[in-house]
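Enquirer: Just passing along the structure, written as structure tokens.
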């Protein structure tokens with residue numbers, strides 16, 4: 001399980017363990033917080049294609065799907 005601090009999500013780098021559409025490397029480009037400092041929105045941008053995907057930030061904890069950093 002990947003340990004994630006929500007306040008350090010912005011600009012963090014991630015590698016998809018099972019790439020789809022040849023998109024493997026991603027950067028978190030947007031993180032919105034609510035009044036209680038809970039994450040409301042998290043957007044990943046594929047490095048090569050520049051496609052953006054809104055995800056639940058907790059999904060990044062699953063190390064079978066995501067790897068922190070670029071490998």
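All of the numbers you see were taken from the coordinates with simple rules; none came from a lab. Just so it is clear, the model here is predicted, and its values are computed rather than measured. All Cβ positions, glycine included, derive from the backbone under ideal geometry; neighbour counts span all protein chains shown.
Enquirer: Please list the three semi-axes, largest first and in whole Å, of the ellipsoid equivalent to the chain, using sqrt of 5 times the eigenvalues of its alpha carbon gyration tensor.
Expert: That gives 20, 14, 9 Å for the three semi-axes.
Enquirer: Related question: So for 24, 18, fewest C-beta neighbours within 10 Å to most, what's the order?
Expert: 18, 24
Enquirer: Residues in the range 47-71, backbone N under 17 Å from the label point at residue 34 (7 Å along the Cα-to-beta-carbon vector): list them, ranges by number please.
Expert: Only 55-59 pass the distance filter.
Enquirer: Assuming 0.36 nm per residue, please report the length gained on full extension of the stretch residue 70 to residue 4 beyond their Cα-Cα distance.
Expert: That pair, residue 70 and residue 4, stretches by 22.2 nm at full extension.
Enquirer: Quick one: 42, 52, fewest Cβ neighbours within 10 Å first, how do they rank?
Expert: Taking fewest neighbouring Cβ atoms as first place, the list is 52, 42.
Enquirer: Using Cα-Cα distances under 8 Å and only pairs 6 or more residues apart, what relative contact order does the chain have, in percent? Don't skip to the end; give the middle numbers.
Expert: On the way: 130 pairs, mean separation 25.6, N = 71.
It rounds to 36 percent for the chain.
Enquirer: Further question on the same structure: Arranged by the count of other C-beta atoms within 10 angstrom, fewest first, what order do 60, 9 take? Kindly include the intermediate steps, with their values, before the conclusion.
Expert: Working: 60 21, 9 18.
Least crowded to most crowded, the residues run 9, 60.
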